[in-house]
Structures are given as C-alpha cells and as structure tokens.
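Everything on this sheet refers to the single structure shown next.
Derivation of every value follows stated rules applied to the coordinates shown; laboratory data play no part. Since the model is a prediction, treat every value here as computed from it, not as a measurement. Note: ideal-geometry Cβ built from the backbone for every residue, glycine included; neighbour counts use all protein chains shown.
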Amino acid sequence: AERTAEAGSPPASLFSSRPGEAGAFHTYQPQPKRARLDGAQQPAGAASSLSEERSKANGNGKASAPVLRSGRLEPSIRTTSAAESQRASRSLVESNGTSPSWLLDLPDVLLHRIYLSAPEMVATHTAVCRRFREDLCKAHVVHLKLRSFSSEKGQASSLKRFDGEVAVYVKDSLGRFQVCRGLLELLKGGWPNLTGLNLDSNRIQQENLTQLADLLQGCPQLKALEFGDNKLGVDGIRSLVSPLSSCTSLTTLNVKENELRVQGSLLLSTRLLTCTRLTHLDVSDNQLGPQGMRHLTRALEPGHLSRLSTLNLSRNQLDSESIEVLVRGLQHNSALTCLSLGNNKEFGPVGARMLGPVLKANTLLTHLDLQHTALYPEGITALAEPLQSCPKLTSLNLYLNTLGEKGASMLGYALIGCTELRRLDLGFNGLSKNGGLAVMQWLPSVTSLRHLNLTFNDIPGVVTKKIRSVAHPRCECIFYKN
C-alpha cells in the first residue's frame, strides 16, 4: 500500500474516521506490516536479521512483535524512518503554509506511544504529533482518546491550548495507566472549552471521583458527561451530581450500570431539575424499581426536561405501576425521538396499554425498544393504535415477547402508519409456521424495511423462502438458528 503524496487528503487506509461528525471518535486500525511507507520493499536479508534479533530479545526461537528500546531502533528501520520523517514533515504543510484539514481529524493526537506492531511508523507518527502541536490553537473540535497518560510535564498545558471545543474519552478499565490521575491534572485550574467527557467503564475510585467532581465545576461549557458502568453506588452518584448545577450547558448525561437504586435516583432527580437543556438521558440497568421511578419522574414533569429527546430506562425492574408513573411525566413531552424500556420483564400488556398516550403525544419518535417486556399478543394489540401515531418510527425492537401467530397478525395493523420503518426485530417470539405466514401477509406493504430479524422462531424453510420472496429486494431477512 502506498502513501498518498497529497497534503490535502489523509494517508490511505491508515486510520478510520468520519470527519464532520461531531460525536465520532477516531481509532487506529492495525495494518499489514510494510517494510517502507513509500511502497519499496525491505531487503530479505535485513528482514531475516530483524526477525532473529526480535526472537533473541524475547528469549525464544519464535518471531514476535518487535520490542523497541529507548533511543534505539534496528539499523535497517532507523535509516528508512529518517527519510520518511523528512518526506512526511514536508507533506504536512500545504502550499499556503497551513496545516491540512485532515490533520485535525487524526486519532490519539499528542499520544506519545510507539506502535509495536509497526516500527516503521514511529518516525512518521512523531512528525505528525510534532506538527499538530504547533497547530493546536487552530482546531475547532478535537476528540482526544486517551488510553495511557504520558509523564511528560508539558503535556497538560499543550492539551489545554485548544481554542475550540474539546471532547475527552478515557479508556482505562483496569486503572493500569492511571489515566484518571492524569485527567485530574488536566482539569486543575479549570478547562473552559471542555465540552465532552467520557469515562465509561473506568471503575473510578471514590477519592478520585470526589476530586473530579470538584474540578468539573471549572468546566462551565460541558455538554456531554458519560459515567456508564462505573458502579458508583449511592456515595458515588452523590459526588458526581454535585457539579451538575454549574454545568448549565449539559445536554447528554449517561449514568447507566451504576447501582443507583432508589436513593441514588432521588439524588439524581434533584440535580436534574436544573439541567433544563438536557436532551439525552441514560439511566439504564440501575435497579430503580417503582419507587426509584417515582423519584426520577419528578425531573420529567412539565417545565423541567422539556427538551429531552432520548431516554433509556432499560433493565430497571419496571412494572406496570412504574410505567403509569412514567407516563404522567412524559405525556406532555412532545420532543422524544428515542425511548428504550427493554428488559423490564414486569412491563406486560398492562404497561403496554399505559404507554399508549406517550406514543400518541410523541409523533417524532424514531426508535422504540420494548425487547423482553412480556408483551404477549395482548400487549401488541394494545400498542397497535398508538404505533400508528408514529410515522417517523425507523427502528422497533420486539425481541423475546412471545407474540405468537396472533401477535404477528396484529403487528401488520400496527405498522400501517410507520412508513419510514427500517429495522424490525421479531426474534424469539414463538412465531412458528403460522406466525411466519402472518408476517408474509403484511410484509410487502412495509416497503421501507431494510432489516428484519426472525431468528429463533422455528419457521420452516419453505415459509422463510416465501417471506424472502415478498420482502423488498433490499431488505435483509435473518432466519438462522430457527
């Protein structure tokens, strides 16, 4: 693979990125080993000696990933890298003397590490980092994905030179790289242009969490805060919610899988009353139960979270009583686009009937997740008319609800008004032959459908062929493991 010589486009097939998408993070994708970036092949003898040297360094007779020691590279690599570094440095500047646009989209910027699987990339990556350091203040939005934290003293000040918005994503689930400690150093003295912080699955200790919460008060422009899967508990959520009153720009809050329970939901709801700009809220898998739902609903009442568009309450042991409380908070909200209530096994047909007013009030709904909620045919019957009020619905998840033949037939009536539906999950619903035939009756009318999941339904092969024949040519129908 050859590297492009144009400064206005990124190196071919080197990084995965989606420029222009505000929430996208960029990651390094391992590439096949190359002797040289310009396409030239390394001499066979040099490659052989390099392999032997690697084997000796690892103490065995097998070739393994190269080990790079400080201040030393193999001669054949060092010579090549120096030439590449000069070419890369020259190509990093456009004719007008400014940094190319794709440079600001590079992954792991200012991350001082060596790609062990590709030693020939060392010099080029170093040149890119050095060039980017000079253009920090010109960036508009930069996403930093930290998997380790350098001990370099000037790194914190370098990162905080951004004039544009900065989103930081930390991934250190085992605490091996002490990223959280490095993050605390970054936040000292405030970080006015920090707009996003993702600390999912980092198992942050209570001591660090308390200090982090205090420092977040110096980030008034924070828009997205994600603390999912950190097992915060009541004490942790008490520390976390303390700075929310000062984060008046917050639009996204993710506290899923944190064992909040009833007391934690009370602490959270009290602080949410001040987050009037919140649009995305994820409190899934927190064992809220009916009482916890009552506390949370206080923040959903009219006049508080009126802009809320995405709400995830999956895996919270919600029953029909909980849904009744939820409906009182959401029936006046007309901004919902994504609602997830999956894996609440006590939801049942009664909960489905109570959910109807919410669906009718939110005509902009695009995603509805009701998987594993014990709907049965009665539940889908109760939802049939309300679903017709959701013409923008693009994704409907009804996995594991024992709909059977009757439920499959009623679903056709429910989808009459869903003219933009693209994904439908009916897996594990006991459809069998008659249920499959029922799906076949209404499937031709759903011309927008592009993905249909019918796995684990014991549908005979003859029926699956008929279903495929009547589905839209671009619709992917999945039947495996029937």
Given bins 10 angstrom wide, list per bin the percent of all Cα-Cα distances in region 164-316, short to long. 12, 44, 35, 9, 0
Return the long-range amide H neighbours of Val446 (sequence gap of 5 or more, or a different chain), with a cut-off of under 5 Å between placed amide H atoms. none
HN-Hα J in Hz across region 358-371 - Karplus 6.51, -1.76, 1.60, θ = phi - 60°, x for Gly and Pro: 5, 5, 5, 7, 10, 6, 8, 4, 10, 10, 9, 10, 10, 5
Over region 200-275, with a single point scatterer placed on each C-alpha, what log10 of the ratio I(q)/I(0) does the Debye formula yield at q = 0.15, 0.20, 0.25, 0.26 1/Å? -0.44, -0.82, -1.31, -1.41
What whole-number distance in Å separates the alpha-carbon centres of region 412-432 and region 250-288? 31 Å
Taking θ = phi - 60°, what integer Hz values does the Karplus form 6.51 cos²θ - 1.76 cosθ + 1.60 yield along region 249-264, in sequence order, with x for Gly and Pro? 9, 4, 10, 10, 9, 10, 10, 5, 6, 10, 6, 5, 6, 5, 5, x
In sequence order, calculated HN-Hα J values of region 206-212 (Karplus, 6.51, -1.76, 1.60; Hz; x Gly/Pro): 4, 4, 5, 5, 4, 5, 5
Long-range tail of P(r) for region 186-478 (Cα pairs > 35 Å, %): 26 percent
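With viscosity set to 0.890 mPa s and temperature to 25 °C, compute the Stokes-Einstein D of region 409-472, Rh being the Kirkwood radius across alpha carbon pairs; µm²/s, no decimals. Display every interim value, and only then the final one.
Values: Rh = 11.7 Å.
Roughly 209 µm²/s, to the nearest whole number.
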Taking a 25 Å limit on the Cα-Cα distance, which of the listed pairs Lys360/Lys433; Lys406/Lys466; Lys223/Lys360 fall beyond it? Lys360/Lys433; Lys223/Lys360
Can you give the extra length, in nm with one decimal, that the chain gains between Lys231 and Val462 once fully stretched, where that is 0.36 nm per residue apart less the Cα-Cα distance? 78.3 nm
In whole percent, what relative contact order does region 307-365 give with Cα contacts below 8 Å and a gap of six or more residues? 47 percent
Assign unit charges at the C-beta atoms only (+1 for Lys and Arg, -1 for Asp and Glu), then state the dipole size of region 287-358 relative to its Cα centre in Debye, rounded to the nearest 20. 140 debye
